[in-house]
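The values are calculated or read from the model by the stated rules, or taken from the named source; none is laboratory data. Computed from a predicted model, the values in this text were never measured in an experiment. Cβ atoms come from the backbone with ideal geometry, glycine included; neighbour counts cover every protein chain shown.
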């Protein structure tokens with residue numbers, strides 16, 4: 001029981017805060033894409049033993065597990081093709097004793113999930129991509145690694161990502177994956193997939209509560225929406241921090257750049273939103289830089305105005 005309680009608490013933490021949040025803005029230029037995400041792992045439960053080992057209660061049949069997992073995964077647009085029960089028992093949630101069941105599921109769309117049924121509390125869960133990212137982060141940090149998905153369709157996350165893209169009509173032999181984080185507005189996990197031909201895609205995996213199916217964007221399309229690929233360019237424009245510094249010079253903006261931060265890219269105007277730290281602007285400087293296909297005007301403003309007009313929070317300069 002202690003194992004189950006710990007698992008439930010861990011999953012609740014994962015569902016609420018373990019993934020990085022994509023920064024958004026509802027200013028006049030449209031939504032601003034994410035800043036770099038440094039801790040994208042989605043987490044997953046500790047190792048499980050047979051929940052019915054040593055108990056008098058009869059373990060549910062495979063058919064029962066598949067039926068219950070299918071009902072649980074239905075809101076995720078997941079047609080369950082395989083499932084297993086990882087934990088079954090009671091746990092204290094929000095001061096109430098709740099019957100909790102944890103499943104690993106494989107879906108016909110290529111996705112896999114850890115899902116926790118804790119009715120009447122909302123279901124929580126995360127994808128096998130997120131589980132794999134957390135496992136890798138644990139190994140790199142020298143921690144005891146959390147387990148990854150192990151059903152045959154889920155165990156190889158690169159093949160699983162390839163299956164997701166194939167079912168979306170996109171051909172990609174996945175050579176590498178990069179966890180990006182959780183888009184909290186859309187409640188999806190974002191994962192970059194690099195393909196053997198040099199192309200790449202950003203996969204948006206729905207999480208519990210989402211009523212949209214899995215989707216994917218090519219790197220150029222994703223870049224235009226503010227999420228850049230790093231494993232492959234796939235034709236995306238080559239934009240570096242020096243590009244932004246040169247834009248200041250071209251527009252005669254005095255700024256001896258000490259630090260630079262790409263905040264994102266506006267959806268509507270397609271301008272890059274960049275924060276600069278320089279002695280000429282002690283209050284901080286935010287530039288809205290049109291490149292490539294953007295016809296919007298170049299614009300700069302202080303951090304206080306950027307926060308008031310565009311809900312942008314500067315981090316390189318502390319306002320007084």
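Criterion first (surrounded by fewer than 17 Cβ atoms within 10 Å (Cβ to Cβ) and over 24 Å from residue 177 (Cα atoms)) does residue 292 satisfy it?
So residue 292 fits the description; yes.
Assess whether residue 208 counts as being part of a loop (DSSP other than H, G, I, E, B), in contact with a helix residue (DSSP H, G or I) (Cβ under 7 Å, 6 or more places away or on another chain), under 21 Å from residue 128 (Cβ atoms) and not assigned by TED's automatic domain parsing to the domain that holds residue 291.
Details: part of a loop (DSSP other than H, G, I, E, B): yes; in contact with a helix residue (DSSP H, G or I) (Cβ under 7 Å, 6 or more places away or on another chain): yes; under 21 Å from residue 128 (Cβ atoms): yes; not assigned by TED's automatic domain parsing to the domain that holds residue 291: yes.
When the stated conditions are applied, residue 208 passes them.
Residues in the stretch 174-205 that are touching a strand residue (DSSP E or B) at 6+ places or on another chain (Cβ under 6 Å) and assigned to a loop (DSSP other than H, G, I, E, B) were compared, and the one that is farthest from residue 231 (Cα to Cα) is 184. Residues that are closer than 20 Å to residue 191 by Cβ and in contact with a helix residue (DSSP H, G or I) (Cβ under 6 Å, 6 or more places away or on another chain) do not occur anywhere in the stretch 84-98.
If I filter the stretch 222-230 for residues that are more than 21 Å from residue 310 (Cβ to Cβ), surrounded by fewer than 14 Cβ atoms within 10 Å (Cβ to Cβ) and touching a strand residue (DSSP E or B) at 6+ places or on another chain (Cβ under 8 Å), do I get at least one hit? Talk me through it step by step, then tell me what you get.
From the stretch 222-230, those more than 21 Å from residue 310 (Cβ to Cβ) are 222, 229-230; that's our starting set.
After this cut, where a residue has to be surrounded by fewer than 14 Cβ atoms within 10 Å (Cβ to Cβ) as well, the list is 230.
Filter again for touching a strand residue (DSSP E or B) at 6+ places or on another chain (Cβ under 8 Å), leaving 230.
So far as the stretch 222-230 goes, yes, one or more of its residues are more than 21 Å from residue 310 (Cβ to Cβ), surrounded by fewer than 14 Cβ atoms within 10 Å (Cβ to Cβ) and touching a strand residue (DSSP E or B) at 6+ places or on another chain (Cβ under 8 Å).
All told, residue 255 falls short of being crowded, with 22+ Cβ neighbours inside 10 Å and in a loop (DSSP other than H, G, I, E, B).
Across the stretch 120-162, what is the number of residues that are more than 13 Å from residue 84 (Cα to Cα), assigned to a loop (DSSP other than H, G, I, E, B) and touching a residue at least 40 places away in the same chain (Cβ under 8 Å)?
Of the residues in the stretch 120-162, 5 are more than 13 Å from residue 84 (Cα to Cα), assigned to a loop (DSSP other than H, G, I, E, B) and touching a residue at least 40 places away in the same chain (Cβ under 8 Å).
Working only within the stretch 285-313, note down all residues that are closer than 16 Å to residue 252 by Cβ and more than 29 Å from the chain's Cα centre (by Cα). 297, 298, 299, 300, 301 - these are the residues of the stretch 285-313 that are closer than 16 Å to residue 252 by Cβ and more than 29 Å from the chain's Cα centre (by Cα). The residues in the stretch 106-119 that are free of Cβ contacts under 8 Å to residues at least 40 places away in the same chain and either not in a loop (DSSP other than H, G, I, E, B) or not assigned by TED's automatic domain parsing to the domain that holds residue 132 (or both) can be counted, and the count is 1. Surrounded by fewer than 13 Cβ atoms within 10 Å (Cβ to Cβ) and modelled with pLDDT of 85 or more: is that true of residue 63 in this structure? Here the answer is yes, as residue 63 does meet what is asked.
If you go through the stretch 228-252 and keep only what is in a loop (DSSP other than H, G, I, E, B) and at pLDDT 85 or above, you end up with 229, 230, 231, 251, 252.
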